[in-house]
Amino acid sequence: MSPPHRPAPTMGHNAALAVAGRRRHVLLFPLGYQGHINPMFRLAGILHARGFEVTVFHTHFNAPDPSRHPQYRFVTVPDGISGPAPVAIEDVVSHIFALNAACEAPFRDLLAAILDEYSRDAVACLVADGHLLSMVQVATRLSVPTLVLRTGSAACFSCFLAYPLLIDRGYLPVQESELETEVSELLPYRVRDLMRVGSHDLTRELLARVVAAVDASAGVILNTFDALERSELEKLRRDLTLPVFDIGPLHMFSPVTESSLLRQDRSCLEWLDARPTASVLYVSFGSLACMSSRDLVETAWGIASSGVPFIWVVRPGLVPASVEEKETTATRLPDGFEAATRGRGTVVAWAPQEEVLRHPAVAGFWTHCGWNSTTESVCEGVPMLCRPHFGDQMGNARYVEHVWKVGFEVGGDLERSAVEAAIRRLVTGSDGAEMRARASELKKAAKECTGKAGSSDLAIGKLVDHMLSL
Ligand code: UDP
């Protein structure tokens, strides 16, 4: 166990904490994937600013760097899993199951030790990622109240809850011939927008475990906000008997990215400084989505022929290496691409995404529609080209295109001419401008929700009160 670090209490914290007369500890356990680590660390920042001491449990896999967060205490939970990080989504899901199984016993011992050390009464609760059912069960057995952080949208969680019903009604397992069928129980989703991670059975098990974690908890925290998903949140509150805390977008409350697993290449920010307002396309497919080498080539030539300035995040492993190439991690762009786009674009392995999206030179975001990327884009008023790959990304893209109307999907096999047309439409087209205007409205709404007495600000207050009442 790492040695405790006890910083001075933050000033201006919640009155209830002051009344309690002693600092309360909150224990956090993020899932070790980038899209889950970022929101949990934002939540840590919020709770710390409200006066809680924060202890972060984490796996060896993708362990955070404690030196970047000296205000928190870190406890490593041995996961006993070795080998490279999984690439294919079905392997990621199996890995999540394996992490749960491997961490259960060591977490029980470490949590028991922490309870002895802090004294049971000083611990307010554990907040665990929704994919860590085993940790929720361990905490429950040790009488530690638990809240679950769901890092996806409210609509996505409704889809999790509805999965058994959708199986009963014959929507699932997905039939190729039914992909365009609307799911009347879960509009605006069509069958093809439903959550999918590899096989039907794997998806069903993954979602059932998240629902079980939420059912065993004392409440669910969502990284969304009222103005974005009001009716979805109302539906969730009808369907759940637990409190729902819509306190997002979390990154708006503590905007510094200290939880990036890859080094962010900040040179692209200087590059952006020299660009005119609303002229640049930012392209990134997040930390997990992969593309075929054919799609990479079509994307590259579509970007090149669009004539639009761009930042493209080509992370190591974006195109999975073939067996022969195993030693090479860098993804190679097609010959001639660099020369064709010299002076007009920049390619980085990993970007400071939030700052890029906030930059006035950015006109559009070509994204895989991970929920963090989607909310980060919405909150900066940046419209999106959507290229969803798996999981909740299809459902998020559906909302972007059909509900919020701040982007559109580039579907099917990628062709350079279609890529070129889509980029032009988004960045210089008249409906792209309309999407940008609608995105600006959402940006304003996000600011209001996260501002003083906004819905998310009030929900944080309720969350803190709830934590202290458990
Ligand atoms: N991100 C980043 N730099 C990049 C690409 C992504 O910092 O070059 C961050 C991004 O801001 C977001 C997270 O990584 O917070 C990705 O999460 P998301 O849910 O969008 O997708 P995932 O990686 O989970 O598929």
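So in segment 374-421, with the set limited to residues that are β-branched (Val, Ile, Thr) and under 29 Å from Arg204 (Cα atoms), which one is nearest to the ligand (Cβ to nearest atom)? Looking at residues that are β-branched (Val, Ile, Thr) and under 29 Å from Arg204 (Cα atoms), I get Thr374. Only residues that are surrounded by fewer than 21 Cβ atoms within 10 Å (Cβ to Cβ) and either assigned to a strand (DSSP E or B) or more than 16 Å from the ligand (Cβ to nearest atom) (or both) were counted in segment 346-373, giving 5. Checking the stated criteria, Glu232 turns out not to satisfy the condition of being within 16 Å of the ligand (Cβ to nearest atom) and touching a residue at least 12 places away in the same chain (Cβ under 8 Å).
In segment 176-219, the qualifying residues are those that are more than 25 Å from Gly248 (Cα to Cα) and polar (S, T, N, Q), and the one that is farthest from the chain's Cα centre (by Cα) is Ser177. The C-beta contact set for segment 106-121 (first residue part of a helix (DSSP H, G or I), second residue open to solvent by less than 40 Å² (accessible area, probe 1.4 Å) and not hydrophobic (A, V, I, L, M, F, W, C), distance under 7 angstrom, 6+ apart or interchain) comprises Ile114/Thr55; Tyr118/His25. From the residues in segment 79-95 that are part of a helix (DSSP H, G or I) and in contact with a helix residue (DSSP H, G or I) (Cβ under 7 Å, 6 or more places away or on another chain), which one is nearest to His131 (Cα to Cα)? Checking each candidate, the answer is Val93. Evaluating Asp431 against the criteria (1) part of a loop (DSSP other than H, G, I, E, B); (2) open to solvent by less than 50 Å² (accessible area, probe 1.4 Å) leaves one unmet condition, (1). For segment 235-268, the set of residues classified as part of a helix (DSSP H, G or I), hydrophobic (A, V, I, L, M, F, W, C) and within 12 Å of the ligand (Cβ to nearest atom) consists of Leu250, Cys268, listed by residue number. Scoring Ala421 on the criteria (1) part of a helix (DSSP H, G or I); (2) open to solvent by 10 Å² or more (accessible area, probe 1.4 Å); (3) touching a helix residue (DSSP H, G or I) at 6+ places or on another chain (Cβ under 8 Å) leaves a single failure, condition (3).
Condition check ((1) more than 21 Å from Cys449 (Cα to Cα); (2) more than 18 Å from the chain's Cα centre (by Cα); (3) open to solvent by less than 10 Å² (accessible area, probe 1.4 Å); (4) of a type in the set (Asp, Glu)) across all residues:
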{"site": "Ile221", "(1), (2), (3), (4)": "no, no, yes, no"}
{"site": "Thr224", "(1), (2), (3), (4)": "no, no, yes, no"}
{"site": "Arg230", "(1), (2), (3), (4)": "no, yes, no, no"}
{"site": "Asp239", "(1), (2), (3), (4)": "yes, yes, no, yes"}
{"site": "Gly248", "(1), (2), (3), (4)": "no, no, yes, no"}
{"site": "His251", "(1), (2), (3), (4)": "no, no, no, no"}
{"site": "Glu258", "(1), (2), (3), (4)": "yes, no, no, yes"}
{"site": "Trp271", "(1), (2), (3), (4)": "yes, yes, no, no"}
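Of the residues in segment 312-319, at least one is modelled with pLDDT of 95 or more, open to solvent by less than 30 Å² (accessible area, probe 1.4 Å), in a loop (DSSP other than H, G, I, E, B) and within 20 Å of Trp271 (Cβ to Cβ).
The values are calculated or read from the model by the stated rules, or taken from the named source; none is laboratory data. All values reported here derive from a predicted model rather than from experimental measurement. Glycine also receives a Cβ, built like all others from the backbone with ideal geometry; neighbour counts cover every protein chain displayed. Please note that ligands, DNA and RNA were not included when accessible areas were found on the heavy atoms of the full protein model with its side chains. Shrake-Rupley method; radii C 1.70, N 1.55, O 1.52, S 1.80 Å.
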